[in-house]
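Some notes on the structure that comes next.
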Amino acid sequence: MQRIHPEARCIGAYEINEDAISVYKRHFEHHEILEDVTEVEVFPKVDLIIKEAPCQSFSVMGHRNGFDDIRGGIFVKVIETLKRTVLSGNAPGHVLFEKVVMKGELRDRITELLEDALG
C-alpha cells in the first residue's frame, strides 16, 4: 500500500488466530491487532477497509460450504458491520474485498450483500 500511497498507514488488523497473529506481527510489528471482528459494532472512520474472503468457504478450490461454514458466517458479519458503519456516517472512502474464484450463486449473493451494505 505504501508504494502506491507513501503517506498511508495501517491503523490495525482484525485477527483471532494465534498463528496468523504471530506471522502478522513478525512482518508488521508496529501494527495493532484489534478485537475479534465479529464483536465490532461499527468500524472506525478510515479511508480504506481491506477484507479477504475466506477462501476455504467460497473458493472453487476450497470446501465451498459458503455461508454454512463458520468462516463464511464471519464474512457475513463483517458485511453487516460495514452496513452499520455506513449508516452511522462513518463510511470508509473505499472498500477493497479480495476476490476468489467461486460459483456464480455465491458470487451473486455476496454482490447482493455488498450492494445492500454500501448502498
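Read-outs: derived from the displayed coordinates by stated rules, not from any lab. What you see is a predicted model, and the numbers here were worked out from it, not measured in a lab. In this analysis, Cβ positions are derived from the backbone assuming ideal geometry, glycine residues included, and neighbour counts consider all displayed protein chains.
Given the peptides 27-37, 74-84, 104-114, arrange them by the average over their residues of other C-beta atoms within 10 Å, most packed first. Please report the intermediate quantities before stating the final value.
Numbers: 27-37: 11.4, 74-84: 18.1, 104-114: 13.6.
So the order, starting with the most tightly packed, is 74-84, 104-114, 27-37.
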Item checked: Cut-off under 5 Å, modelled amide H: who pairs with VAL95 long-range -> ILE49
Check: In nm², what is the average projected area of the convex hull enclosing the Cα atoms of the chain?
Finding: 8.0 nm²
Note to self: Quick one: 3J(HN,Hα) in Hz for region 18-26, Karplus 6.51/-1.76/1.60 with θ = phi - 60°, rounded, Gly and Pro as x.
What the structure shows: 4, 5, 5, 4, 4, 5, 4, 5, 5
Notebook entry, point to check: Could you work out the helix-only [θ] at 222 nm for the chain, with each DSSP H run of four or more residues adding -39,500 (n - 2.57) and the total divided by the number of residues, to the nearest 500 deg cm²/dmol?
Noted result: -12000 deg cm²/dmol
Check: Taking amide hydrogens as modeled 1.01 Å from N in the peptide plane, which residues meet the under 5 Å criterion relative to CYS10, leaving out close sequence neighbours?
Finding: none
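On a full-extension model of 0.36 nm per residue, what is the gain between ASP68 and ARG9, subtracting their alpha-carbon distance, rounded to one decimal in nm?
Values: separation 59, 0.36 × 59 = 21.24 nm, distance 3.46 nm.
Extra length available between ASP68 and ARG9 comes to 17.8 nm.
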Next item on the list: List the residues whose amide H sits under 5 Å from the amide H of PHE43, counting only those 5 or more places along or on another chain, with H placed 1.01 Å from N in the peptide plane.
Entry: THR85
Check: At what distance in nm do the modelled label points of GLU98 and ARG84 sit from each other, each positioned 7 Å from its Cα along Cα→Cβ?
Finding: 2.5 nm
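Report the gain in length on full extension from GLU39 to ILE16: 0.36 nm times residue separation, minus Cα-Cα distance, nm rounded to one decimal.
Details: separation 23, 0.36 × 23 = 8.28 nm, distance 1.13 nm.
Difference between extended and current length: 7.1 nm.
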